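The structure appears below as structure tokens.
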Amino acid sequence: MNTWLQLIFYFGTLLLLTKPLGAYMAKVYQNERIFLDPILGPVERFLYRLSGIDSKAEMTWKIYAVAMLVFNIFGVIAVYLLQRLQGILPLNPQGLGAVSPDSAWNTAVSFASNTNWQGYGGETTMSYLTQMLGMTVQNFVSAATGMAVLVALIRGIVSVPLSSPHFENSKMGGQRGVGNFWVDLTRSVLYILLPLSLVLALALVSQGVVQTFSEYQTVSLIQPSAGNEAQVIAVGPAASQIAIKQLGTNGGGFFNVNSSHPLENPTPFSNFLEMLSILLIPAALCYTYGKMVGDTRQGWALLAVMTIVLIALLGVAVWSEQSGNPMFAKLGIDQTQSATNPGGNMEGKEVRFGIVNSVLWATVTTAASNGSVNSMHDSFMPLGGLVPMWLMQLGEIIYGGVGSGLYGMLAFVIIAVFVSGLMVGRTPEYLGKKVEAYEMKMASIVILIPVMVVLLGTAVALMTEAGRATIFNPSAHGFSEVLYAFSSAGNNNGSAFAGLGANTPFYNIALGIAMFIARYWLAIPVLAIAGSLANKKKVPASAGTLPTHTPLFIAWVIGVIIIVGALSFLPALALGPIVEHLMIFG
Amino acid sequence: MTTKNKTQARREMYQRAVLESFIKLNPRWMVRNPVMFVVEVGSVLTTLLWIQSLIGQGEAPVGFIGAIALWLWFTVLFANFSEAVAEGRGKAQAESLRKARQDTPAKKVGKLKVESLQVEGANVEHEIVSSTTLRKGDLYLVVAGDILPADGEIVVGIASVDESAVTGESAPVVREAGGDRSAVTGGTRLLSDWLIIRVSADPGQGFLDRMISMVEGAKRQKTPNEIALNILLAGFTIIFLVVCATLLPYSIYSVDASGSGTPITITVLIALLVCLIPTTIGGLLSAIGIAGMDRMIQRNVIAMSGRAVEAAGDVDVLLLDKTGTITLGNRQAVEFIPVNGSNTNELAEAAQLASLADETPEGRSIVVLAKEKFGLRGHTVDGMHFIPFTAQTRMSGVDFNGTQIRKGAPDTMIGLIQSNGNGVASNLKPTVDSIARAGGTPLVVTRDNKALGVIHLKDIVKGGMKERFAQLRKMGIKTVMITGDNPLTAAAIAAEAGVDDFLAQATPEAKLKLIREYQTGGRLVAMTGDGTNDAPALAQADVAVAMNTGTQPAREAANMVDLDSNPTKLIEIVEIGKQLLMTRGALTTFSLANDVSKYFAIIPAAFASTYPQLNALNIMRLATPESAIMSAVIFNALIIIALIPLALRGVPYRAVGAAQLLRDNLLIYGLGGLLVPFIGIKVIDMLLVALHLV
């Protein structure tokens, strides 16, 4: 009962907020009047003047992609340098030294690519300056990059070719553009991410999340023992970073143990707010999408696809964890649920969150490409661990990253539309735009790349001595740990299964490459689709047009996602969590 | 052809197809189809592994590797066979066409003026040359009994032609200079009279040549949707290549970690790969395309490109000529309406008399109506003098016993009445107008220059058209009637026939403009045409069907030619286009859905030695790891053969909305594709065990 109430309360609140926030974001991207204009309008215009940006200038998809890439590579370099030079930079009360080159590379790519995979421990590695100027800034702009690419794709779907060949921007050669990257980036940060983060950070501080520049505190223990009289408590400007790490599907914790740390996530209410923030923007963007394409049913349909898959897999995970571990039963541990006992497999979970809130967090953080944790996924039951792993392997499209989740989903929709379009005997079209060879090529790349990165990365790790050396549990479980690491990096999630020593040159470099490829080699073909669609005529709908908002189509898209996901990963999963499950339950 | 001959021919066709399937193993040919090329490479690799095992270094039992290699080869051969069978059907037709295109002697005529040709006629001076030397623009003469040496446009003459070599229709057709029936096709035979013809195509580029290359599929290029689908299939193939390739290190690690069993063999990996990549659709894809063209040919439509066939499925707007397509070619008399105090009988009799010599279908129908409704038997009386219709008088009729009876269009007849100083009856104009408003054609009948009444001629809408158009509407296709009639008449017929829209007083320019408007709005337009003035519109339309009886320019502008010259066929063409796409979509879904069951067969088998626990996934309870893998591979090969008839016939198309079509096809090919292989693999496994093959 309690389980159901918690789930209903969570998803109910999420769906209630979807429409107002989604409508607001649609206004932001369509340059309509919003209530924050009087305050933020001057700031926005000042920023454009300062950086010499013509906010009216349209970009072709290629220019848009170049701007996006240049900006992100600049971000990688900035975060790398900050880490390497933090020893001589201010705001470093603990006097932490330079981060090793391979770890700095890994972390720089990780935060620029919205992955937030953390090979390092925050409180023992990064100065306050690096956390704020490096991590937090990237949390904002990497999220905004994803949103910008999505908005460009939506514009591609919506816009129609320029009617007169004479009316043209000479730079664009008569081509229809997909928007202006700098404007989309700026508006995403200024009007959406900053205000939401401000509200969330204040709410978190009210719950006891720490926000300070002072050095780490030494406190005496309540129950001191010989040689153990005091403990150093790490503190820092955490709340401001935690707010955006949840909202922007970043997930990189201020402290090493992420949101299971009591100063990062102290109360059930802060836990609820942080979980809600994970899915908030990805869900609302579905409504934004519907609003911008002029048919909100299209957005609701995609949200339905995501939610149905999420809830089904959540059910598997909750059931798996709540059922408990037969090995514990042999040790005489009581795993039955009661008023005082959460029951089930509590290994690796915080007592203050219990089974449901731990599993719910694990599921939504991997459905969305967030990756923050409030429990240790490595200690989940095999099937409970399979769920987060598979959610990432599906391509981070079940909600997914802010922006990136929906554009990944749209690539699947394009594939689904293509096959179903053929099945009704017409050249497939989506929202009036014909889906042809070029779109198929790009959509195939979007689906292909993460699968290749995950499977090949895992294979390389297993074949090399360096990869095998830091597998702490060489077994089916150890295999799962490596597979999980590459699934996380190869889909820009960032959560870790743990049990794998990943802060080694091999994993830092390999996972860094995986994150880089997974982020940008997907964003570019998505922009290519946007550019191609933008210059296509719109076919008016008729009775022969396949409707893309019906339950039938929703079921079909789910089918395509599940089949592609299952076909790509079933063999690997069979050698990891599935065989582990069969071994335990035999 | 007797049944025995047919069986014989079919057997020969299949024999040739079997031979072809081996010839097509040439890698240079196979590489055009990435999916099947991967299978061929897999077959070669397993064959090499088999040879290695024969020598004694095998990674698995000799019999097992050999059997896998054999069935992989079968998979490739079955796919090639499907393509060869599809081509074979066209080849037989091409053979008979080729016979018509032999070298024939031609009577080449010097380049003279048309006037002098008209004077000299069949006696024009000519030299006998080979048909291969004729070039575009040359003139040649044919007389009765000759085979026409080249395509062309009649310059002078009228004759009957036997076009059965092209159309299969044995009734001769009339061809004449000028007008819409001036095109002739090389290879047909002149039955009577003579013609002088200007060559319109160089040797090898004639209509017959294009037809042969189309039906043979030799010049077949991949169509846009086929290319897009190929990309998707290649994408899946790459995914499965990675899945299978990475399984080897995974397996080696698992063996290390668990300390038991042996790594997965290359043979099993290749078997898994071939089972997973979409071989069903990959193998049948080209057969589906060829069969689509073939279905057009069976309906006597020659498509000039596969692209046109595919576009037919996408058509949103059909432009249909009223006459001949929507209505019967001719108007018929349906009513006599007297005016000016005369009675109906009187009018009927006068109308009948005026039409006795009128051989036009309209005239005939007047005689028939008078006979059926009033029992009047038309009979000629001595001294009757019939006045035929001429362009000058614009009326026809009869004079006898000093009485003059005339009939004609209202304007002409009112002019006649008034010029003879008679008053026009007050109820004549309203009667005429009401007939026109109802979509009919009024003919006024006068006796001695005074109006007797009006004959109501009506366009008769063909039976079943309304239902047909309703079906098209359900398919999401808009029908537009094109007519030269005035808007009033057009609106009435449009309403009766149930078309969605009409274009009245259509000129070639108006047609072209209409097509462009629809296309700017993102719609695909199909139309039929036969006249030279249709050529610009035909060239503009996305799917343009020219009547075989039409002029050469019309046939060149179109991308399809209907040998039956049946304008209604456009609707069938659309259905064939849709079938083509649906078959591809359905088999793609089927192919991918199949993979699920193959995992359940192969994964437990492949890792049986390392993780015996995985046998829990062996939900089909297949006998042994070897039999499980064999069964999956055999099923994968046999399903190609089993689906060849579907690929050739096409998935049936029904005129229902897109949503319902998708639901039905998903149930059959999606859900079916998920379930069928579970049964199929289990049955094959049981057979293998029963026959002690494993």
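The values are calculated or read from the model by the stated rules, or taken from the named source; none is laboratory data. None of these values were measured; they are calculated from a predicted model. Please note: Cβ atoms are built from the backbone with ideal geometry, for glycine as well, and neighbour counts cover all protein chains shown. Areas reflect the complete protein model, heavy atoms only, side chains present, ligands, DNA and RNA absent. Shrake-Rupley method; radii C 1.70, N 1.55, O 1.52, S 1.80 Å.
For segment B:540-547, the condition of being modelled with pLDDT under 85, crowded, with 24+ Cβ neighbours inside 10 Å and more than 14 Å from every other protein chain (Cβ to nearest Cβ) holds for at least one residue. Give me a count of the residues in segment B:244-268 that are within 10 Å of chain A (Cβ to nearest Cβ), touching a residue at least 60 places away in the same chain (Cβ under 8 Å) and under 25 Å from B:Val44 (Cα atoms). Here the count works out to 3.
Considering only residues that are in contact (Cβ under 8 Å) with a residue 60 or more places away in the chain and of a type outside the set (Asp, Glu), which ones fall in segment B:523-536? Those that are in contact (Cβ under 8 Å) with a residue 60 or more places away in the chain and of a type outside the set (Asp, Glu): B:Arg523, B:Leu524, B:Val525, B:Ala526, B:Met527, B:Thr528, B:Gly529, B:Gly531, B:Thr532. Report the residue count in segment B:379-403 for those that are open to solvent by 40 Å² or more (accessible area, probe 1.4 Å) and in contact with a Lys or Arg (Cβ under 7 Å, 6 or more places away or on another chain). Count: 0. Selection within segment B:303-313: residues that are in contact with a helix residue (DSSP H, G or I) (Cβ under 7 Å, 6 or more places away or on another chain) and not in a helix (DSSP H, G or I). The member of this set that is farthest from the other protein chains (Cβ to nearest Cβ) is B:Met304. Of all residues in segment B:353-362, those being of a type in the set (Asp, Glu) and surrounded by fewer than 20 Cβ atoms within 10 Å (Cβ to Cβ) number 2.
Only one of the numbered conditions (1) more than 21 Å from B:Glu572 (Cα to Cα); (2) free of Cβ contacts under 8 Å to residues at least 24 places away in the same chain; (3) touching a Ser or Thr at 6+ places or on another chain (Cβ under 8 Å) is not met by B:Ser434, and that is (3). Being in a helix (DSSP H, G or I) and over 15 Å from B:Phe590 (Cα atoms) is the filter; apply it to segment B:652-680 and report the residue that is farthest from the other protein chains (Cβ to nearest Cβ). Of everything passing the filter in segment B:652-680, B:Gln660 is farthest from the other protein chains (Cβ to nearest Cβ). Among the residues of segment B:49-66, those that are within 13 Å of B:Ile629 (Cβ to Cβ) and not in a helix (DSSP H, G or I) comprise B:Ala60, B:Pro61. Give the residues of segment B:499-522 that are free of Cβ contacts under 8 Å to residues at least 60 places away in the same chain, on the phi < 0 side of the Ramachandran plot, of a type outside the set (A, V, I, L, M, F, W, C) and away from chain A (no Cβ under 14 Å), sorted by residue number. Passing the criteria: B:Thr507, B:Pro508, B:Glu509, B:Lys513. Set side by side, the residues A:Ile561, A:Ile529, A:Ile513 differ, and just one is within 30 Å of B:Leu524 (Cα to Cα), out of contact with any Ser or Thr (no Cβ under 6 Å at 6 or more places or on another chain) and β-branched (Val, Ile, Thr), which is A:Ile529.
The set of residues in segment B:606-627 being in a helix (DSSP H, G or I) and either within 20 Å of B:Ser43 (Cβ to Cβ) or of a type in the set (Val, Ile, Thr) (or both) consists of B:Ala606, B:Glu626. If you check A:Thr550, A:Thr504 for being open to solvent by 10 Å² or more (accessible area, probe 1.4 Å), within 30 Å of A:Arg297 (Cβ to Cβ) and not acidic (Asp, Glu), only one passes: A:Thr550. Being open to solvent by less than 10 Å² (accessible area, probe 1.4 Å) and assigned to a helix (DSSP H, G or I) is a description that does not apply to A:Met327.
Residue count for segment B:530-548, restricted to those that are more than 20 Å from the chain's Cα centre (by Cα) and among the β-branched types (Val, Ile, Thr): 1.
Taken over segment A:352-395, the criterion of being part of a loop (DSSP other than H, G, I, E, B) and open to solvent by less than 10 Å² (accessible area, probe 1.4 Å) is satisfied by A:Ala368, A:Ser369, A:Asn370, A:Gly371, A:Ser372, A:Asn374, A:Met381, A:Leu394.
Of A:Ala555, A:Ala574, all but one fail to be at pLDDT 95 or above, open to solvent by 30 Å² or more (accessible area, probe 1.4 Å) and out of contact with any strand residue (DSSP E or B) (no Cβ under 6 Å at 6 or more places or on another chain); the exception is A:Ala555.
In segment A:200-216, the residues that are surrounded by 21 or more Cβ atoms within 10 Å (Cβ to Cβ) form Cβ pairs under 7 Å with partners that are part of a loop (DSSP other than H, G, I, E, B), at six or more places apart or across chains, as follows: A:Val209/A:Ala238; A:Val209/A:Leu263; A:Val209/A:Glu264; A:Val209/A:Pro266; A:Val210/A:Val235; A:Val210/A:Gly236; A:Val210/A:Ala238; A:Val210/A:Leu263. From the list B:Ser591, B:Ser565, the one residue that fits, being at positive phi and either of a type in the set (S, T, N, Q) or not in a loop (DSSP other than H, G, I, E, B) (or both), is B:Ser565.
Could you tell me whether segment B:604-621 includes any residue that is open to solvent by less than 10 Å² (accessible area, probe 1.4 Å), closer than 20 Å to B:Gly63 by Cβ and among the β-branched types (Val, Ile, Thr)? Looking for residues that are open to solvent by less than 10 Å² (accessible area, probe 1.4 Å), closer than 20 Å to B:Gly63 by Cβ and among the β-branched types (Val, Ile, Thr), one finds none in segment B:604-621, hence no.
Can we say B:Lys113 is of a type in the set (Lys, Arg), modelled with pLDDT of 80 or more and more than 18 Å from B:Asp209 (Cα to Cα)? No: the conditions fail for B:Lys113. Taken together, the residues in segment A:491-525 that are under 17 Å from the mean Cα position of the chain (by Cα) and among the aliphatic types (A, V, I, L, M) amount to 8. Evaluate the following for B:Ala350: is it in a helix (DSSP H, G or I) and either in contact with a Cys (Cβ under 9 Å, 6 or more places away or on another chain) or open to solvent by less than 10 Å² (accessible area, probe 1.4 Å) (or both)? So B:Ala350 passes the test.
For segment A:436-470, filtering for residues that are within 7 Å of chain B (Cβ to nearest Cβ), charged (D, E, K, R) and in a helix (DSSP H, G or I) leaves 1. Kindly evaluate B:Gly550 against the criterion of being assigned to a loop (DSSP other than H, G, I, E, B), within 20 Å of B:Gly313 (Cα to Cα) and either modelled with pLDDT under 85 or of a type outside the set (S, T, N, Q) (or both). Answer is no for this residue. Scanning segment A:388-426 for residues that are in contact with a Leu (Cβ under 6 Å, 6 or more places away or on another chain), more than 14 Å from chain B (Cβ to nearest Cβ) and among the hydroxyl-bearing types (Ser, Thr, Tyr) turns up A:Tyr399, A:Tyr407.
Going residue by residue through segment B:101-112, is there one that turns out to be assigned to a helix (DSSP H, G or I) and touching a residue at least 24 places away in the same chain (Cβ under 8 Å)? No, segment B:101-112 contains no residue that is assigned to a helix (DSSP H, G or I) and touching a residue at least 24 places away in the same chain (Cβ under 8 Å). Taking A:Glu429, is it free of Cβ contacts under 8 Å to residues at least 40 places away in the same chain, facing another protein chain (nearest Cβ under 10 Å) and open to solvent by 10 Å² or more (accessible area, probe 1.4 Å)? No, not satisfied.
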